[in-house]
Amino acid sequence: MARDLMDIRAETDELTTDKMWVIMGPQHPFSHGLWTLKVELDGELVTDAEPIVGYLHRGWEKECENRSYAKIVPMADRLCYAASMTYSHLYCMTVEKALGLEVPEKAQYIRVVADEICRISSHLMWLAAVGTDLGNLTVFLWCMREREYWMDLFVRLCGARMTTNYPRIGGVRNDITELFDRDVDRCVQHFEKALWDIIALIDDSSIFLSRMKGTGILTREQCVNLGITGPAMRGNGVDFDIRRDDPYEVYDKIDFEVPVLNDGDSYSRYMVRVEELFQSCKIITRAMQKIRAIGKNAPYRYKAPTNVPAGTAMCRLEDPRGESLMYLVADGSGKPYRLKVRSPIFTNVSASKPLVVGSRIADVPVIMAMIDMCLGETDR
Amino acid sequence: MDMSLYPHAVAMSADEFMTWSSAMINDLLSAGTKKTVDKLTGPVWSWAMKNSMHPLHWGLACCALEMAAASAPRFDAERYGMIYRSSPRQTDILLVNGWISKKIRPEIRRLYEQIPNPKWVVAMGECAISGGPWYDSYNTVQGLDQIVPVDVYIPGCPARPDAMIDGFMLLQKKIDDYFRRGVFLED
Amino acid sequence: MAYSSILDWISFSDIMSNPWYPFAGDYNLPFDISYKLWEIIGGGLAWLINLILPGNPVSTWLISDGVCVGGGLIIFMIVIFLVVFIGTLLSLWEERKVLGRVMDRRGTMIGMKGFLQCVADGVKTFMKENTIPKKVDMMTYMWTVSLVVGVSVLIACMIPLSDRWFVVNYDTGLLIIMAFFALAPFFILVSGWAQNNKYSLIGGMRAAELMISYEVPMLIMIGTASLLAGTLNIGDIVAAQRDIWYIIPMFIGFITFLFCATAEAERVPFDIAEAEAELVEGWQTEYAGMKWGLIMLADYFRGYVSCAMVTILFLGGWNIPFVSDSVNNFLPEIVFLLKTWFVFFLMIMIRGALARVRTDQIVNIGWKVFMPLSVINFVIVLLLKVGGIY
Amino acid sequence: MDTNAVYQKPTDEEIKTLLNEKFEGKVNVTKIETRRVYATVPRELIHQVCEYIHDNLTFEHISTVIGVDMIDNLRVVYHIDNYFNGCVIELTVDIPNDDPHVASISDIWVGGNWHERETYELFGIIFDGHPHLARLLTPDTYEFYPFRKSYKLRGQE
């Protein structure tokens, strides 16, 4: 007895499956830090998501109110440990602005070079994370291998590997060393070749591409309204980079390009970051030429007063992950009255629900890797 | 040893038999068998455990990057058989490499309970040792040892990858001591 | 009875003339070895008993034909398992070293250039506490592990290493192995449910999803190979590739089968059932200690079987082409294992170079790429067969 | 100037004039630097000002919502970006201590959602109209507002 097709159709529509909440984190290999993403699954499809952060919250801003100005520089290093120099740099810029202090040109160039090295090492860490999230350990280890050379450059520059404690209010701690001067160009040349190897591993493989293309799509308006910044935003067609459009330090004197792609999926975010790696290499080379032209005996640090006059100051800079901003309220004493950090990942994480809903659970790690999690700055 | 019951063993109920036999085995073991077994097998367990340390794949903060760098080609912790497993059930070592906020404190305790015995805890970096730069924070726990017993402390802010490998070699010594003391038949 | 030397009790008789000989006319090397071992053990035992109690019936019973075959079979099992076990451990070692080199590092260095690493891992898992989560379904949680492991060991032992090194020599041997091979995903599905963990559940579902996508093309390919050889007997299929391996007429089939075999062994890029990035450890999440160690071992047994299947069907099994029979028959088992490890090497390189596919993608690949390719392969073989080339 | 027109790349001077004209002097533009405009806004007007900035001056992105405890009063500072010319407007709103309420702007910029939640949990400033004003970074059990000046850290006098 053949049943009507419509009857079967009606029956299967009633056959609803239970949705289930899967809590990914805080100990989960995809999290690359310490956060939780609760996802509601219908089979493998994500129908709802809720990010939970705060596992690394230690009241950074409140603690800064308990430190003198000079002591906050190493604290700022530990905000975003993958690109430690950017935050201490931003902090010094903010205090200098509140002081009205001019920084020697050489120090500005050195800061730019250090920032870009940070950007490269941070992006390499991100590429490594993308490799593990896609299930390939080779990318992870090759990126970590390349990252070691940049860590070596930091050692040459200031003696530390990760948390460098290098910028100072009014300049930088020390002039570039001879070893750094010698190795930086070699490192850049080696890296531009080695990066092609890693990129070839990913771009020549249709599996990598099919995992990244067409996932985590946002429109430009959505992206901007959600407050996503940085390479994730430029992969969505927003042509904005603080280094170029609101220049700080000497970025307006250095020629570089800002990669922008319009697809708005994981692959375009990936491409933007990879292109940024090459651009950072260019910036380093050009800035190093300027530093050599300035000469060895030029000043690299001006003395700064310990007390900051009452008032407010705001500074922002292009972090490897997006727009970071510091806002200082000073009351004339030796300690900040209020220091606020705007971290790009804080806002980017809050946008994770529209990013992952509608994709499959296997794509969630890849999509979230594309905004490059760094929870130290998120939770502060 | 209560051997007088031996002839009646066939006539015992199941419960009686279980209690009687386990008591007998315990007596046997305490009479030197346990020590001998431990003495003979201890080095084997110790060697196996030392060379197959599986830390929990869990990155908290700054030191997590150095943990990743330690397994990278330059430092290559896999030479010592260290592989990171994601499920706490399949790991031996809880490696905590970051500051501990009040929100994560219960989770750390839970992860520790989920790791099967024998297990070890490594506190990596200043934050996990004593709170580090966040000594006056209202939301951090000042040191991992306030939550779980810690075996090895690896200082550094962040600890370098080679320091981390050195810490794990210290842990190997501790593992060796643990097994030579004789623990196999304890559970 | 007078004193008899021990040599009188150990006869080293011809096994083929034993009326209880289990392999029906085929010479079996491991059985020969174990039979002779038993003759030494049993004969020595019989001699000892006879020394104490001369003329007793037990001694003559111990060296009777039936007991010799029975005792020989017990040792035979141990010999067969040990060879497969060591072969698998070597493939494990190969994976860690080769993968290490792919990733620009040394791999593990524990004892004998890292070979003892897997031993250390194994011993360690045996020593760990046997934790069982509170809310698991106890029965299925336990028996699925034993079945996954048992089935994997069974098929690994059933793979013949040469025409003199086999366990069974049925005419449908290939089908039996494939039937057992396809069983494990069911146990994984049940185990994923039994663990009462969401990651395990999704992992189990994925194992089932994975199976429906590669099993059909794989069976078509096996059918094609047996069509080419005209038999389902493994020995005959290998013998049919004495000089020209089947990789030449069935090159498309080889590539497809290699990927299907990778999926069967649940290795990258098809390890979606234990996808680390999103499912922690997939269906193994709640297994601890010894159970987990056995699961890992079973994984590698299945990897070994996959590679052995590729070797048997496409790479000429234990034969070396264009050499005389005397060279070919010298150590065919080693040739077979070397070929198997070479296929495993290919799988390791695939693992080093590729990323994990998604569940919808694997179903797509299975039905839209592997399936047509296997049919094309089948048509080519059919044409060759009709054209009289084979 | 036409206060209802849409300006994609308003200059600093234009922003000052437009804000003054639109809100009849209630929005006080205190300072202008290159690509920076600083203004103080009365508490009642903040939502309207934000809406106007977003719709007519194409300031598409909100950087931060910052809370400051000035002891005499609470203060909320907004930083709002224009992606076309890199201009930032800083809006400062003073709130009395005894009535810490201000209108939420997370319906204009969804990105402001978590910043407001953070400011709420750390300062106790309540954003009216916020979809889900709950604790974000600190544990739910906290009953104090740690960033208020009345809460002292260890070693803070």
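Here are a few things to note about the model shown:
- Distant-in-sequence amide H partners of A:M24 (H built 1.01 Å from N, under 5 Å): A:L37, A:K38, A:V39
- Beta bridges per DSSP with both ends in chain D, % antiparallel, nearest 5: 75
- Counting only DSSP beta bridges with both residues in the protein assembly as shown, the antiparallel share comes to about 75 percent.
- Other-chain or far-sequence residues with amide H under 5 Å of C:V136's (modelled H): none
- Residue among A:V113, A:V224, A:V130 with the largest mean-square fluctuation in a Gaussian network model of chain A, springs linking Cα atoms under 10 Å: A:V224
- Backbone amide hydrogens, once placed in the peptide plane, bring D:C87 within less than 5 Å of D:N82, excluding anything fewer than 5 places away on its chain.
- A simple charge model with +1 on the Cβ of Lys and Arg, -1 on the Cβ of Asp and Glu and nothing else charged puts the dipole of segment D:1-98 at about 180 debye relative to its Cα centre.
- For segment B:109-126, putting each phi into the Karplus relation 6.51 cos²θ - 1.76 cosθ + 1.60 with θ = phi - 60° gives couplings of 4, 5, 4, 4, 5, 6, 6, x, 5, x, 9, 9, 10, 10, 9, 10, x, 4 Hz, in residue order, rounded to whole numbers and with x for Gly and Pro.
- Here chain D was treated as a single set of alpha-carbon atoms; its pair distances binned every 10 Å from 0 give 11, 39, 32, 15, 4, 0 percent.
- Projected onto planes of every orientation and averaged, the convex hull of the alpha-carbon atoms in the protein assembly as shown covers 59.0 nm².
- Distance-filtered residues of segment D:32-71 - backbone nitrogen under 17 Å, label point 7 angstrom along D:E13 Cα→Cβ: D:32-38
- Among the residues of A:21-28, the average count of other protein chain beta-carbon atoms within 10 Å of the residue beta-carbon is 6.
- Neighbour counts of other Cβ atoms within 10 Å put A:H123, D:H101 in the fewest-to-most order D:H101, A:H123.
- Whole-Hz couplings from phi, Karplus 6.51/-1.76/1.60, listed for segment A:281-293; x for Gly and Pro: 4, 4, 4, 4, 4, 5, 5, 5, 4, 4, 4, 5, 5
- The orientation-averaged shadow of the Cα convex hull for segment C:300-355, equal to a quarter of the hull surface, comes to 4.3 nm².
- Shape call, chain C: gyration tensor on alpha carbons, a/c limit 1.5: oblate
- A simple charge model with +1 on the Cβ of Lys and Arg, -1 on the Cβ of Asp and Glu and nothing else charged puts the dipole of the protein assembly as shown at about 2820 debye relative to its Cα centre.
- DSSP loop GluC sites (Glu not before Pro) with at most 15 other Cβ within 10 Å: longest gap in chain A: A:103-256
- Karplus-derived 3J(HN,Hα) values for segment C:150-165, using 6.51 cos²θ - 1.76 cosθ + 1.60 with θ = phi - 60°, are x, 5, 5, 5, 4, 5, 4, 6, 7, 6, x, 8, 6, 6, 10, 10 Hz; glycine and proline are entered as x.
- Per-residue shielding of B:127-138, expressed as the average number of other chain Cβ atoms within 10 Å of the residue Cβ, stands at 5.
- Entries in A:K38/C:K128; A:K97/A:K290; A:K353/C:K198; B:K102/D:K152; A:K19/A:K353; B:K174/C:K198 that, when Cα-Cα distance is taken, lie over 26 Å: A:K38/C:K128; B:K174/C:K198
- Test item: C:356-363 mean partner chain Cβ contacts at 10 Å: 5
- Computed over every Cα-Cα pair of chain A and binned at 10 Å starting from 0, the pair-distance distribution P(r) comes out as 5, 23, 31, 23, 11, 4, 2, 1, 0, 0 percent.
- Per DSSP, loop GluC sites (Glu not before Pro) in segment D:11-105 with at most 10 further Cβ within 10 Å: D:E24
- With only Cα atoms counted, segment A:160-299 has Rg and Dmax values of 18.2, 54 Å.
- Our analysis of segment A:72-134 gives Rg over Rh at 1.10, with the two radii drawn from alpha carbon positions and Rh computed by the Kirkwood formula.
- Annotation for B:M169 and C:I380: the two label points, set 7 Å from Cα along the Cα-Cβ direction, are 5.4 nm apart.
- Packing around the peptides A:289-296, A:265-272, B:138-145, taken as the average count of other Cβ atoms within 10 Å per residue, puts them in this order, highest first: A:265-272, B:138-145, A:289-296.
- Only Lys, Arg (+1) and Asp, Glu (-1) charged, at Cβ; segment B:62-180 dipole about Cα centre in debye: 360
- For segment C:136-181, the convex hull drawn through the C-alpha positions has a volume of 68 cubic angstrom per residue.
- Dimensions (Å) - segment B:62-180, Cα atoms, principal axes, largest first: 40, 31, 26
- Gyration tensor (alpha-carbon) shape descriptor, segment A:319-380, a/c threshold 1.5: prolate
- Using the Stokes-Einstein relation with a Kirkwood hydrodynamic radius computed over Cα pairs, the translational diffusion coefficient of segment D:10-100 at 20 °C and a viscosity of 1.002 mPa s comes to 161 µm²/s.
- Cα-based reach from D:K26 at 20 Å (exclusive), listing lysines while leaving out same-chain residues under 8 positions away: D:K16
- Longest to shortest principal axis, alpha-carbon extents of segment C:225-374, angstrom: 53, 39, 28
Read-outs throughout are calculated quantities, based only on the coordinates presented, and are distinct from any laboratory measurement. Please read these numbers as outputs of a predicted model, since none were measured by experiment. All Cβ positions, glycine included, derive from the backbone under ideal geometry; neighbour counts span all protein chains shown.
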